[in-house]
Amino acid sequence: MKTKKAMPVLLLAASVLAAPFAMAQGGARSSPMTESMPASAPMAQSSPYMQVQQWKKGDRLPTEFRDRQYVIDDYKQYNLPAPRKGTRWVGVGAEYYLVAPNGVIQQVGSGS
């Protein structure tokens, strides 16, 4: 009687444990990563993060560059002046921008 109840549990456990190994195999239909990228379209054209772009005072910094990962908290380490109330320093590439909450650039700093 106990074996009848244990068998489905064992089968379920075996299938759950075997699933990652089956996915890792890939199969014969998978192609190398080099063939999936067309050679005529460089990555810099398809991603805004790869493009080298500079903004000036008064421009609006795009939303994707105002994300937390770009914010400079330790501005002294970068030789930047203290941000005014309600603004924050954002680093994009080699440039630093003092940005208001609405995204307007208040100041451009070169830092260290």
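Bear in mind these aren't lab numbers, they're just calculated from the coordinates by the rules spelled out. Here the structure is a predicted model, which is why all the values come from computation and not from measurement. As a convention, Cβ positions derive from the backbone with ideal geometry for all residues, glycine included, and neighbour counts pool all protein chains shown.
Loop-located trypsin sites (Lys or Arg not before Pro) across segment 69-112 with a Cβ neighbour count of 11 or fewer within 10 Å are Arg84, Lys85, with loop assigned by DSSP. Bridging of Lys56 to aspartates and glutamates at a Cα separation below 12 Å is possible for Glu95, once same-chain residues fewer than 8 apart are set aside.
Extension gain for the segment Ala94 to Asp73, taken as residue separation times 0.36 nm less the Cα-Cα distance, is 6.0 nm to one decimal.
For Lys85, the aspartates and glutamates whose Cα falls under 15 Å of its own Cα, not counting residues fewer than eight places away in the same chain, are Asp73.
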